[in-house]
Amino acid sequence: VYGDAFVWFLLFILSLVIFVAACFGAWQMKSLKAAGERMARGEIDEKIDTQHMYWEFRHHAKNLNSIGDGMAAAVEQRMKSERLKTELITNVSHDIKTPLTSIKGFTDMMSSGMVKDPEDQKRFITMIGVEVDRLIDLINDILKLSELESVTIPQSEERSDVLTIARDTAAFLLS
């Protein structure tokens, strides 16, 4: 008689343990889902507390945290790139404006008749030429920079034995 009661008691305890484990797993899954949804909305600084997670749930939470760290680093790099680009545009605009202002001033003075002496006119035309050359150099530099940014270097997927290459190089240099 006590044997059946004991079996029922063990089944009850086992069912209770399974129920608690299932609830705990569901809670961990709910935490992962909520954190994933927040990250999907753009909350990339989201961190999942892995302290009370176990098994694959902890591993998955750590992976989500790593993804968030990677996204945050990528966003920071992108923002830095945008700041540098804005700074470059500001500097280039200033560098272009300076010779244009000089050219405008020289041509205004010449067209208004303020410069009558042929030697002065020749000197002004020479200065305009110098400023035009500065502008051409600036534009060529910008074009070179743009060209360099658009170049992609193909990368090989082939594996190399670095140790063999180093030995071969050392042997070549010593021979």
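Side notes on the structure shown:
- Scan of region 83-137 for residues that are outside any helix (DSSP H, G or I) and of a type outside the set (D, E, K, R), ordered by number: SER112, GLY113, MET114, VAL115
- Among (1) surrounded by 12 or more Cβ atoms within 10 Å (Cβ to Cβ); (2) in a loop (DSSP other than H, G, I, E, B), the one test that MET71 misses: (2)
- Residue within region 82-92 that is hydroxyl-bearing (Ser, Thr, Tyr), under 30 Å from MET39 (Cβ atoms), surrounded by 11 or more Cβ atoms within 10 Å (Cβ to Cβ) and free of Cβ contacts under 8 Å to residues at least 60 places away in the same chain present: no
- Residues located in region 6-62, provided they are assigned to a helix (DSSP H, G or I) and of a type in the set (D, E, K, R): LYS30, LYS33, GLU37, ARG38, GLU56, ARG58, LYS62
- Inter-residue pairs, beta-carbon under 8 Å, first touching a residue at least 60 places away in the same chain (Cβ under 8 Å) and in region 146-165, second open to solvent by 100 Å² or more (accessible area, probe 1.4 Å) and of a type outside the set (A, V, I, L, M, F, W, C), 6+ apart: none
- For region 46-80, the set of residues classified as hydroxyl-bearing (Ser, Thr, Tyr) and at pLDDT 80 or above consists of SER66 only.
- Applying the condition of being closer than 30 Å to ASN91 by Cβ and of a type in the set (D, E, K, R) to region 102-139 and asking which residue is least open to solvent (accessible area, probe 1.4 Å) yields GLU131.
The values are calculated or read from the model by the stated rules, or taken from the named source; none is laboratory data. Remember, it's a predicted structure, so these values are computed and weren't measured experimentally. Note that each Cβ is placed from the backbone with ideal geometry, even for glycine, and that neighbours are counted across all protein chains shown. Just so you know, the surface numbers come from the protein's heavy atoms only, side chains and all, with ligands and any DNA or RNA stripped out. Shrake-Rupley method; radii C 1.70, N 1.55, O 1.52, S 1.80 Å.
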